[in-house]
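Enquirer: Would you mind keeping the following structure in view while I ask a few things?
Laboratory data are not the source of any read-out in this text; all were calculated from the coordinates shown. These numbers come from a predicted model, not from an experiment. Reconstructed Cβ throughout: ideal geometry from the backbone, glycine too, with neighbour counts over all protein chains shown.
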Amino acid sequence: MKKSNYNTKQKELLLTYLKEYGDNHITVQEISAYLTNKGNPMGVSTIYRHLDRLVEQGIVRKYILDGRSGACYQYLNDKKTCNSHFHLKCVTCGTLFHVDCSFLSEIDKHIMEHHRFSIDNSKTVFYGVCENCGGDNQ
């Protein structure tokens with residue numbers, strides 16, 4: 001019985017963190033470091049197990065952005081539209097930006113109309129350098 005309560009507490013700690021950073025894509029390593037710093041260490045395999053269940057339940061979305069990085073996760077809440085916009089990833093600091101832009105939406109339309117191809121925006125990432133890392137100097 002204690003183990004079940006412990007798992008429930010761990011799941012709640014994980015959900016609290018995911019909700020707090022719901023606009024970000026978060027890695028398991030970031031979750032582990034945060035929980036450890038807060039005095040609630042949780043094993044990486046336990047974090048993966050909880051995240052897999054949350055993904056199955058539709059509470060969290062899992063992203064695999066490139067072949068070099070591990071998966072990232074995002075708390076969905078009412079934001080189930082993350083697959084309807086593009087993403088920008090800074091190759092210097094690793095920040096991922098969600099981009100709702102009418103110009104990029106036109107790219108979606110163009111590719112469908114002229115090339116008969118539907119883009120999966122949840123997996124579409126433009127790589128470059130953000131403004132904070134000197135992207136405006138290029």
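Enquirer: Using amide H atoms built in the peptide plane, which far-off residues or other-chain residues are under 5 Å from THR27 H to H?
Expert: TYR73
Enquirer: Too long at a 29 Å Cα-Cα cut-off: which of LYS11/LYS109; LYS9/LYS123; LYS89/LYS109? All intermediate terms of the calculation are to be shown ahead of the outcome.
Expert: Values: LYS11/LYS109 40 Å; LYS9/LYS123 32 Å; LYS89/LYS109 23 Å.
In this structure, LYS11/LYS109; LYS9/LYS123 exceed 29 Å between Cα atoms.
Enquirer: As an exercise, use a Förster radius of 25 Å and the Cβ-Cβ distance of LYS62 and PHE117 to find the FRET efficiency, rounded to the nearest 0.05.
Expert: Numbers: r = 24 Å, r/R0 = 0.95.
With a Förster radius of 25 Å, E is 0.55.
Enquirer: Sticking with the crude label model, points 7 Å out along Cα→Cβ, report the distance from CYS133 to THR27 in nm, one decimal please.
Expert: Reported label-point gap for CYS133 and THR27 is 1.2 nm.
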